[in-house]
Amino acid sequence: MRRAFTLLAAILLFGLIAFSQDGEKALTGAVASTPPMGWNSWNKFGCNVSEDLIRQVADAMVTSGMKDAGYQYVVIDDCWQVERDSNGNIVADANRFPSGMKALADYVHGKGLKFGLYSDAGTKTCQGRPGSRGYEFQDARQYAVWGVDYLKYDWCSTSTQDARSSYEIMRAALDASGRAIVFSICEWGKSQPWLWATGVGNLWRTTGDIQDRWQGKQEWKPGDCCNYGMLDILDQEAGLESYAGPGHWNDPDMLEVGNGGMTTAEYRAHFSLWAILAAPLIAGNDVRDMKPEIREILTHKEVIAVDQDPAGNQGRRVRQTGNLEVWSKVLQDGSRAVVLLNRGTTDREISASWEDLGYPAHLSAKIRDLWQAKDLGEHKGTFSATVAPHSVVMVTVKP
């Protein structure tokens with residue numbers, strides 16, 4: 001009798017464990033089936049975040065058309081937290097967030113959007129606020145109670161910590177919280193997370209921070225590299241294509257579109273290239289006050305559709321001749337999205353051959369210019385266009 005009872009208990013325990021593991025896998029797999037789209041406070045506002053700002057941003061996400069274009073997440077980056085209370089609970093800045101995070105998340109959710117926060121795998125965040133090291137499960141439970149849908153998790157004040165182990169702990173904590181939370185790994189690509197982070201994070205940073213310029217890198221501080229221009233980050237994405245896919249994405253950092261450091265043509269190139277990379281599209285501008293041309297870039301549905309293609313293929317550079325490049329992405333229906341990129345300073349003609357795109361040369365294909373929303377007729381063997389300096393032409397090629 002005792003043996004039968006012991007066997008039954010063991011079966012029940014195994015079932016509970018299996019159910020728990022399946023539930024955790026379901027939570028992990030339920031988010032980020034396409035690259036996350038949203039907004040983050042850091043690029044424009046830095047530490048100057050507040051409840052009023054986030055409410056206004058949520059309002060603007062709706063009225064500007066960004067929500068309808070697919071943007072979901074409103075994420076507060078560093079500086080929202082100030083201390084831990086006597087029980088170790090993370091405490092938001094009461095002066096800047098007087099209603100508290102639960103009420104703010106409820107407001108964002110009431111707009112049909114999702115709510116995100118920032119923390120750090122170390123003892124302190126990059127701006128010296130309390131990090132989550134040693135409090136991972138407590139913080140994850142708190143985020144779930146507040147209604148958090150997205151966690152960006154940085155890598156400052158980590159000393160000798162192992163990156164993979166640190167992020168796995170927070171992954172387990174998020175799973176145990178009982179809420180499906182997108183997990184954004186932000187350790188700047190130092191430990192090559194694309195090699196280990198599938199199943200841990202839903203997206204992982206592949207480089208240092210982006211800066212609002214076309215090209216050029218700058219050290220964070222002497223001996224510690226780097227902030228990067230847009231093209232420098234693009235170059236670091238080449239070769240990482242095989243690691244991205246539904247639920248797990250290479251993250252070349254947030255968008256700088258609209259922040260003033262690049263021309264409209266350069267911002268259009270920036271957005272096109274992030275779309276061809278199947279990159280998360282996380283806007284970082286002041287969405288409350290956008291020029292029409294910036295809104296047109298950020299809400300361009302045909303370009304966004306390339307980024308959000310359900311197959312989840314990351315595009316790759318298929319041709320490079322000096323400053324002239326061709327990038328191509330295989331779409332779910334077998335067609336190709338193609339970006340012709342001119343890094344140079346004069347108008348140049350750029351050609352994409354069907355062999356570059358993985359098609360036989362004799363094939364006839366329909367070309368559509370996405371930015372012009374214009375069909376360009378059928379072509380056979382190759383497509384060519386004159387591309388202005390620091391610009392792109394973006395098309396789909398459909399046999």
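Readers should treat all values here as calculations from the given coordinates under stated rules, not as data from a laboratory. Quick caveat: nothing in here was measured; it's all calculated off a predicted structure. Positions of Cβ are backbone-derived with ideal geometry, glycine not excepted, and every protein chain shown enters the neighbour counts.
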May I have the convex hull volume per residue, in Å³, for the Cα set of the stretch 316-398? 81
Quick check: the distance between the Cα centres of the stretch 96-174 and the stretch 46-88, to the nearest angstrom? 13
Those cysteines in the chain that have no second cysteine Cβ within a distance under 4.7 Å are C186
In Å, the Kirkwood estimate of hydrodynamic radius for the stretch 358-399 over Cα pairs equals 11.0
Where Rh is the Kirkwood radius over Cα pairs, Rg/Rh for the stretch 171-214: 1.08
Counting alpha carbon pairs within less than 8 Å and at least 6 residues apart, what relative contact order, in whole percent, applies to the stretch 145-228? 25
Return the sequence-ordered ³J(HN,Hα) values of the stretch 39-44 in whole Hz as given by the Karplus equation 6.51 cos²θ - 1.76 cosθ + 1.60 applied to θ = phi - 60°, using x for Gly and Pro. 9, 10, 6, 5, 4, 9
Taking Rg/Rh (Cα atoms, Kirkwood Rh) as the quantity of interest, determine which of (i) 1.01; (ii) 0.99; (iii) 0.95 was computed from the displayed structure. (i)
Apply the Karplus parameterisation 6.51 cos²θ - 1.76 cosθ + 1.60, with θ equal to phi minus 60°, to every residue of the stretch 111-126 and state each ³J(HN,Hα) to the nearest whole Hz, in sequence, with x for glycine and proline. 8, x, 10, 10, 10, x, 10, 10, 8, 9, 6, x, 6, 9, 6, 5
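Does the stretch 243-378 classify as rounded, prolate or oblate by the C-alpha gyration tensor (a ≥ b ≥ c root eigenvalues; a/c under 1.5 gives rounded; else a/b over b/c gives prolate, otherwise oblate)?
prolate
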With θ taken as phi - 60° and the coefficients 6.51, -1.76 and 1.60, list the Karplus ³J(HN,Hα) couplings across the stretch 134-144 in order, rounded to whole Hz; mark glycine and proline as x. x, 10, 4, 5, 5, 5, 4, 4, 5, 4, 5
Sort 57-66, 380-389 for me by packing, meaning the mean count of neighbouring Cβ atoms within 10 Å per residue, highest on top. 57-66, 380-389
Which distance in Å, rounded to a whole number, links the C-alpha centroids of the stretch 256-308 and the stretch 366-399? 19
For Cα pairs less than 8 Å apart in space and 6+ apart in sequence, what is the mean separation divided by the residue count of the chain, i.e. the relative contact order in percent? 13
Under a Cβ-only charge scheme (Lys and Arg +1, Asp and Glu -1), can you give me the dipole magnitude of the chain about the Cα centre, in debye to the nearest 20? 700
Computed [θ] at 222 nm, helices only, for the chain once each DSSP H run of length n ≥ 4 contributes -39500 (n - 2.57): -9000 deg cm²/dmol
